[in-house]
Each structure stands twice: as C-alpha cells, then as structure tokens.
Amino acid sequence: MRRLVIGESSRFPDLGRALREAGPERAVARIGRILEDLRDAGLVAFDDAVEAATVFNWLVMGRPLNEVMLLGDDAIPDASSQRRHAELSVRVFLASVAVPPTDAGG
C-alpha cells in the first residue's frame, strides 16, 4: 500500500498525509511517550522524544521496509529474521541513549 500511496501522492496529496498521520506519526508519538516515561525513570537520556522515537522507528523499520519497497512482498523477512533485526535495532538504540547504572558501592 505504501508504494501505491507514494506513486499517487502527487495526484492525491491528502492520501499521503493521511497515511503518514495514521502510520508513522502515530507510531512515533506512541514510542515517544514510552521513551519519555523511560527518561523520567532515569533509564535513558535524550533531548527530544519525537526525534529519539523517529530514530528508533527507522532503525527497526528501515531495512525490512526498504527491501519490501524495492523487491516486493517476496522480500518480507521470516519471523526469525525480523526478530534478529528488531533485537539488533534495540541494542543499537539503547547503546546511544541508555543511562549507565550508578555504582552504589561507592
């Protein structure tokens, strides 16, 4: 569907806006709220929740989405590949925002 909307976005710009609002913007807003909660708990550090959520979203979505966009539905990765990619994306993201634990022993 994304390919279809992209192909028709110049003729139907409202369609592209609607998909963006219902898809990526909605997901990023939700992720941003979760990240803000984690920041409030002192577990992660970043300046802008929407920016951090966008980075996380595209780490997770980037490669699989790009492959499907360019190669079609046959490029949808199997569940094991999706899981490995998601786990790596989480590790990469956390490496950039995680607050190291404090040494309580002094």
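The values are calculated or read from the model by the stated rules, or taken from the named source; none is laboratory data. These figures come from a predicted structure and were not determined experimentally. Here the Cβ positions follow ideal geometry from the backbone for every residue, glycine too, while neighbour counts run over all protein chains shown.
Numerical summary
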| read-out | value |
| --- | --- |
| Selection status of Met69, in a helix (DSSP H, G or I) and touching a residue at least 60 places away in the same chain (Cβ under 8 Å) | yes |
| Among residues of the stretch 48-92, those that are modelled with pLDDT under 95 and among the basic types (Lys, Arg), counted | 1 |
| Number of the condition not met by Ala52 [criteria: (1) farther than 26 Å from Arg2 by Cβ; (2) touching a Phe, Trp or Tyr at 6+ places or on another chain (Cβ under 8 Å)] | (1) |
| Those residues of the stretch 36-61 which are without any contact (Cβ under 8 Å) to a residue 24 or more places away in the chain and in a helix (DSSP H, G or I), in sequence order | Glu36, Asp37, Leu38, Arg39, Asp40, Ala49, Val50, Glu51, Trp58, Met61 |
| Criterion: among the hydroxyl-bearing types (Ser, Thr, Tyr), free of Cβ contacts under 8 Å to residues at least 40 places away in the same chain, on the phi < 0 side of the Ramachandran plot and part of a loop (DSSP other than H, G, I, E, B) - qualifying residue of Ser10, Ser80 | Ser10 |
| Ser96 of a type in the set (S, T, N, Q) and farther than 29 Å from Val5 by Cβ | yes |
| Considering residues of the stretch 57-79 that are farther than 23 Å from Arg26 by Cβ and aliphatic (A, V, I, L, M) only, the residue surrounded by the most Cβ atoms within 10 Å (Cβ to Cβ) | Ala75 |
| Residue that is surrounded by the most Cβ atoms within 10 Å (Cβ to Cβ) [pool: residues in the stretch 1-49 that are more than 18 Å from the chain's Cα centre (by Cα) and among the basic types (Lys, Arg)] | Arg17 |
